[in-house]
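The block underneath contains the structure these notes are about, expressed in structure tokens.
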Amino acid sequence: MTFSLVARSADGRMHGIVVASRFLAAGALVPAAEADVGAIATQAHVNLAYRPQGLALLRTGVSASHVVAGLVAADPERDHRQLGVVAATGPGATYTGVHCHGWAGGQAGDGWAAQGNILTGPEVVDALRDTWLAGGDLPFAQRLLAALRAGQEAGGDRRGRQSAGLMVVRQGGGYGGTGDLMIDLRVDDHPDPITELDRLLAVHTLLFDRPDPATLLDLAGAVAAEVAGLLTALGHPADPADPEDALVAWAGLENLEERLVPGRIDPVVLAHLRAAARPGPPPR
């Protein structure tokens, strides 16, 4: 009842799953991932045990194809299951049980596996594949989401739309560097779940992406004076020569603390600060 893509980033540091379905909260059931280990999508007649069992096998260095073979061999209901797996290295693997509702099938290649059931046809999986392979210039999460949108535009779940989800893991990539869960976004029940997921990813990127060191501005001189003036206008009095304390206080209230760098300012934060200081509705 679902179509999904499981993938590994080109540098091998990230693993992710993106999924959409005419099923409530598919993102709560389908994906599982572990940094530097791999990622799994279990769907059709979902077997939630595939998630911990598959990750345990991947953790020992078992290939994606052997993980799939092992999981389905031990499952008496395998004919009703669908599964996609990507390991830390090597090609992905996919499985579709013979009793999954048509159209059902999947494809896999180096670092990815695409699959779906109750689809309008094989063109949905083709679109997942083609868009993933063509999207190497996109950030990893956006590349996953672009592939999902292409699958939807090719027909998607033939019953309609309801939910979507995106999960990405990377060692130390979680909030504050204290975990590996980099992105975990879900749209559980929505008439246009992929568009809503795209909106949530944009908010997540604003708040939690780490700043690009090449774009940072020194918090000094004219930049410091402007920042101090904007903060003061927002009720955070700041020293024009050293507005950092006030900036930290304001950014914490705006949930932008992941973008703070001592002595410098991220242009994304500056743009948000400028928008917040303008009369009118808040920037988000």
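The values are calculated or read from the model by the stated rules, or taken from the named source; none is laboratory data. Everything numeric in this text was worked out from a predicted model, so none of it was measured. Quick reminder, even Gly has a Cβ in these numbers, built from the backbone with ideal geometry, and neighbours come from all protein chains shown. We work out accessible area using only protein heavy atoms, side chains counted, and drop any ligands, DNA or RNA first. Shrake-Rupley method; radii C 1.70, N 1.55, O 1.52, S 1.80 Å.
So, in segment 66-81, how many residues would count as being in a loop (DSSP other than H, G, I, E, B) and open to solvent by 40 Å² or more (accessible area, probe 1.4 Å)?
Residues in segment 66-81 being in a loop (DSSP other than H, G, I, E, B) and open to solvent by 40 Å² or more (accessible area, probe 1.4 Å): 3 in total.
Output yes when any residue across segment 74-88 is in contact (Cβ under 8 Å) with a residue 24 or more places away in the chain and farther than 15 Å from Tyr50 by Cβ, and no when none is.
The answer is yes, given that some residue of segment 74-88 is in contact (Cβ under 8 Å) with a residue 24 or more places away in the chain and farther than 15 Å from Tyr50 by Cβ.
Is there a residue being touching a residue at least 24 places away in the same chain (Cβ under 8 Å), farther than 27 Å from Val37 by Cβ, open to solvent by less than 10 Å² (accessible area, probe 1.4 Å) and not acidic (Asp, Glu) anywhere in segment 133-145?
no
Condition (residue is in contact with a Gly (Cβ under 7 Å, 6 or more places away or on another chain) and either crowded, with 17+ Cβ neighbours inside 10 Å or free of Cβ contacts under 8 Å to residues at least 24 places away in the same chain (or both)) applied to segment 188-197: is it met by at least one residue?
No - not one qualifying residue is present in segment 188-197.
Which residue out of Gly12, Gly27, Gly84 is open to solvent by less than 50 Å² (accessible area, probe 1.4 Å), part of a loop (DSSP other than H, G, I, E, B) and within 22 Å of Leu128 (Cα to Cα)?
Being open to solvent by less than 50 Å² (accessible area, probe 1.4 Å), part of a loop (DSSP other than H, G, I, E, B) and within 22 Å of Leu128 (Cα to Cα) holds for just one of Gly12, Gly27, Gly84, which is Gly12.
Can you tell me which condition Asp130 does not meet? The list is (1) in contact (Cβ under 8 Å) with a residue 40 or more places away in the chain; (2) not aliphatic (A, V, I, L, M); (3) not in a strand (DSSP E or B), and all the others hold.
It fails just one condition, (1).
Could you list, in sequence order, all residues of segment 156-182 that are in contact (Cβ under 8 Å) with a residue 24 or more places away in the chain, open to solvent by 10 Å² or more (accessible area, probe 1.4 Å) and either touching a Phe, Trp or Tyr at 6+ places or on another chain (Cβ under 9 Å) or within 13 Å of Ser21 (Cβ to Cβ) (or both)?
Arg158, Arg159, Gly160, Arg161, Gln162, Arg170, Tyr175, Met182, listed by residue number.
Tally up the residues in segment 30-65 that are surrounded by fewer than 18 Cβ atoms within 10 Å (Cβ to Cβ), within 22 Å of the chain's Cα centre (by Cα) and either closer than 18 Å to Asp110 by Cβ or charged (D, E, K, R) (or both), please.
Qualifying residue count, segment 30-65: 2.
Which ones in segment 215-252 are part of a strand (DSSP E or B) and either under 14 Å from Ala271 (Cα atoms) or open to solvent by less than 60 Å² (accessible area, probe 1.4 Å) (or both)?
Hit for segment 215-252 is Leu217, nothing else.
Pairs please, first residue from segment 106-127 and in contact (Cβ under 8 Å) with a residue 12 or more places away in the chain and buried (at least 23 other Cβ atoms within 10 Å of the Cβ), second anywhere and outside any loop (DSSP other than H, G, I, E, B) and acidic (Asp, Glu), Cβ atoms under 8 Å, 6+ apart in sequence or on different chains.
Taking only residues 6 or more apart or on different chains, the pairs are Gly116/Asp157; Leu119/Asp157.
Please work out which one of (1) modelled with pLDDT under 95; (2) in contact with a helix residue (DSSP H, G or I) (Cβ under 7 Å, 6 or more places away or on another chain); (3) of a type outside the set (Ser, Thr, Tyr) is the condition Gly177 fails and give its number.
Of (1) modelled with pLDDT under 95; (2) in contact with a helix residue (DSSP H, G or I) (Cβ under 7 Å, 6 or more places away or on another chain); (3) of a type outside the set (Ser, Thr, Tyr), only one is false for Gly177: (2).
If Glu258 meets every condition in (1) of a type outside the set (A, V, I, L, M); (2) part of a helix (DSSP H, G or I); (3) touching a Phe, Trp or Tyr at 6+ places or on another chain (Cβ under 9 Å); (4) farther than 24 Å from Val168 by Cα apart from one, which number is that one?
(4)
Check Gly121, Gly102 and return the single one that is at pLDDT below 95, farther than 20 Å from Ala32 by Cα and not in a helix (DSSP H, G or I).
Every option except Gly102 fails the conditions.
Name the residue, out of Leu200, Leu231, Leu270, that is within 30 Å of Arg159 (Cβ to Cβ) and among the hydrophobic types (A, V, I, L, M, F, W, C).
Of Leu200, Leu231, Leu270, the one residue that is within 30 Å of Arg159 (Cβ to Cβ) and among the hydrophobic types (A, V, I, L, M, F, W, C) is Leu200.
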